[in-house]
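Enquirer: Okay, here's the structure, questions in a sec.
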Amino acid sequence: MSATEVQALLERLVAQFASPYDFLRELVQNSMDAGSDRVEVVLDGEPTDDGDGVVHVLSIADTGGGMDEAIIDGELTRLFASTKSDDRTMAGGFGIGFVSVFAWQPDAVLVQTGRAGEGWEVVFYPDRRFEKRRLQVPVEGTTVTLLRRGPASEGPRIAEAVRDSLWRWCRYCRLEITFEDLTGDQPLELIQDSPAALEGELGLSEVAGDHAIRVAFGVPPRATLLRRGLILAEGSVGELLPELAAAIGEGREHLQVWVDSPSLHTTLARDKVMKDAGHGLIERRIIAVVDALRGRLVAALVANTAAAGPWTSAQQRRHAFLHGHLARERGPLGPRLGELAVLRELTGERAITPAALGRALAGRPLLHAPAPDALPAAVAEALGLARAVAYPVIAGDDDDRTWLGRFAADLGIALVPVERALATITPIAEPEPAAELVRAVAERSLRGSGGRLAGIEVAIGELPKGRGSPALISSEVARAGEAVVVLLGAPAPQGPLPRIWIDQDEPLLRVAAKAVKAAPRPSLLAFTAALAGALGQAIDVGEVAQTIDTILGGGG
């Protein structure tokens, strides 16, 4: 390779680094390769002789094995030309990582290093030439110092950028890294972190030799890929681990992944993790860990749901937290989800499976209520009615309607807060004659339609003030003393229709009763059609009209 070709390659390598401060990652990598147990990064500023600005001095020192002359000539300087020669050849990985220092555009780079009693100093210049000289005093480890002239006001920005780069790439490294800004007043800073947030109940780890995989269910979702503690990439699961994202589907929306493995490889400038065989192997191992974590989530939810005694607000908060994560795992769980006791039934104070709940409701709406230890009066009253008539009510407040709604959708039923679903209605023994005529004609007409309406009963009652039916009718659930417990709105869509109740103050009933004398046929037909619509039942308008005519004509 000619000197011109090597020079062009060198410039391309420098330009490939995404940030001019990525060289810190490269030098820390070199320090780890050299066996160092710590790296000290120091920023200082030296006044210039002419007093115009300062020379920013950024040094990176380690305690590794250092370099002797053979390593300097064979690895560090092979991409560069000495002041005595234009000969340049390709370098190994060490030298390629080192060229990243020029992305910072220093005026000079000074390397002091030593090994086995030797001491060497190499100075690199912006034109990519270098000078090498032997030191009389032995040097331990390696110190790389970058010098760049600039205004003093630039110091804080440099310090912040150095700090950000170290935390971004090196916070998990397996050696001690410190940063000290001598131009400011901040104390010595230890750059160190751990994936502790991925531990705990909804986290799982698999460690085998140099491979470590940690996954957790949490938000925001993210993936961190490392090799020997050095971050290679951070981002979304879909972006960094596409095979995993495709395998777990919706689960990627709450998955946090931390992987440290020598099987992960990057491009030359370390700007991208390669999707090679090692990467695929890691993804398949993560899938297995996620599957185990999914089992842990289900076990935690089942245990919480099965807690003995009255349900509490604290249990409900934990219940909602776990269900928020379970909602992202519905696909992999599949039909098995219906047989898991993951719902808390408040009327019986027990855990219940979605399948059992569906059988108990038989098409009736799914009712929900907050924990009974702190309920508004209206909710407490409605929950009391549910208990009295053994109507299943599932634990969950309004904030839980997203995940509750998915269970209701699975069962093909509506989801309604208990206080908007159950009420007592007082039967009216002798309704007003006009209202009674409207009721009787509607009942007779609907029965004549056959099918599920063949045995329907329509009754008039009085709902408590402020609890009017939102859908014209209410269906009888059970008797509770002298009162009747009704389900506000349409009745269950399965099986024979129960007794249907109409509030005496229902506007449509009052309008029909008022108009029946002046226009009996249209008013009765309109009310009957409205009632059939509320029941979700199609009727033959012509046949209903004939039934009305028969009744009005005295034939019925």
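Rule-based calculations on the coordinates, nothing more; no lab input. In this text, all values refer to a predicted model and were calculated from it rather than measured experimentally. Note that we place each Cβ from the backbone using ideal geometry, even for glycine, and neighbour counts take in every protein chain shown.
Enquirer: Report, in deg cm²/dmol and to the nearest 500, the calculated mean residue ellipticity at 222 nm for the chain, where each DSSP H run with n ≥ 4 adds -39500 (n - 2.57) and the sum is divided by the residue count.
Expert: -10500 deg cm²/dmol
Enquirer: In which sequence would 57, 259, 485 go, from the one with the fewest C-beta neighbours within 10 Å to the one with the most?
Expert: 57, 485, 259
Enquirer: Now for a different question. May I ask you to compute the full-extension gain from residue 380 to residue 429, defined as 0.36 nm times their residue separation minus their alpha-carbon distance, rounded to one decimal in nm?
Expert: Contour length minus the Cα-Cα distance gives 14.7 nm.
Enquirer: Continuing with this model, one more query. Whole-Hz Karplus ³J(HN,Hα) for the range 100-114, in order, using 6.51 cos²θ - 1.76 cosθ + 1.60 and θ = phi - 60°, x for Gly and Pro?
Expert: 4, 4, 7, 5, 7, 6, x, 7, 6, 10, 10, 10, 10, 8, x
Enquirer: Here's another thing I want to ask about it. Using Cα atoms only, what is the angle between the long axis of helix 277-305 and the major principal axis of the chain, expressed in degrees (0 to 90) to the nearest 10?
Expert: 40 degrees
Enquirer: Assigning unit charges at the beta carbon (Lys, Arg +1; Asp, Glu -1) and nothing else, what dipole magnitude in debye, to the nearest 20, does the range 306-419 show about its Cα centre?
Expert: Value, rounded to 20: 360 debye.
Enquirer: In percent, what relative contact order does the chain have, based on Cα pairs under 8 Å that are 6 or more apart in sequence?
Expert: Across the chain, relative contact order equals 8 percent.
Enquirer: To the nearest 10 degrees, how steep is helix 433-448 against the longest Cα principal axis of the chain, on a 0 to 90 scale?
Expert: Tilt relative to the chain: about 70 degrees.
Enquirer: How high is the relative contact order of the range 119-176? Use alpha-carbon pairs under 8 Å, at least six apart in sequence, and give a whole percent.
Expert: About 22 percent, as a whole number.
Enquirer: Here's something else I'd like to know. Would the range 423-552 count as rounded, prolate or oblate if I go by the C-alpha gyration tensor, calling it rounded below 1.5 in a/c and otherwise prolate when a/b exceeds b/c, oblate otherwise?
Expert: Taking the square roots of the gyration eigenvalues as a ≥ b ≥ c, the range 423-552 is oblate.
Enquirer: Next question. Give, in nm to one decimal, the length gained when the segment between residue 149 and residue 277 is fully stretched (0.36 nm per residue of separation minus the Cα-Cα distance).
Expert: Between residue 149 and residue 277, full extension yields an extra 41.5 nm.
Enquirer: Considering the dipole of the chain built from charges on the beta carbon (Lys and Arg +1, Asp and Glu -1) around the Cα centre, which of 372, 136, 431 is farthest to its positive end?
Expert: 431
Enquirer: About its Cα centre, how strong a charge dipole does the chain have in debye, to the nearest 20, once Lys and Arg get +1 and Asp and Glu get -1 at the Cβ?
Expert: With Lys and Arg at +1 and Asp and Glu at -1, about 2560 debye.
Enquirer: While we're looking at this one, here's another question. With both partners inside the range 306-419, how many of the DSSP beta bridges are antiparallel, as a percent to the nearest 5?
Expert: Counting only bridges with both partners in the range 306-419, antiparallel ones make up about 40 percent.
Enquirer: Given a Förster radius of 60 Å and the C-beta distance between residue 541 and residue 373 as r, what FRET efficiency does 1/(1 + (r/R0)^6) yield to the nearest 0.05?
Expert: That pair, residue 541 with residue 373, gives E of 0.70.
Enquirer: Now a separate question. Taking the Cα centre of the range 503-556 as origin and charging only Cβ (+1 Lys, Arg; -1 Asp, Glu), how large is the dipole, in debye to the nearest 20?
Expert: So the magnitude is around 240 debye.
Enquirer: How high is the relative contact order of the range 132-232, in percent, counting Cα pairs under 8 Å that sit 6 or more residues apart?
Expert: With pairs under 8 Å counted, the relative contact order is 22 percent.
Enquirer: Among DSSP beta bridges whose residues both lie in the range 423-552, state the antiparallel percentage, nearest 5.
Expert: Of all bridge pairs located within the range 423-552, approximately 75 percent are antiparallel.
Enquirer: What are the lysines whose alpha-carbon lies under 26 Å from the alpha-carbon of residue 465, with same-chain residues fewer than 8 places away excluded?
Expert: Cross-link targets: 514.
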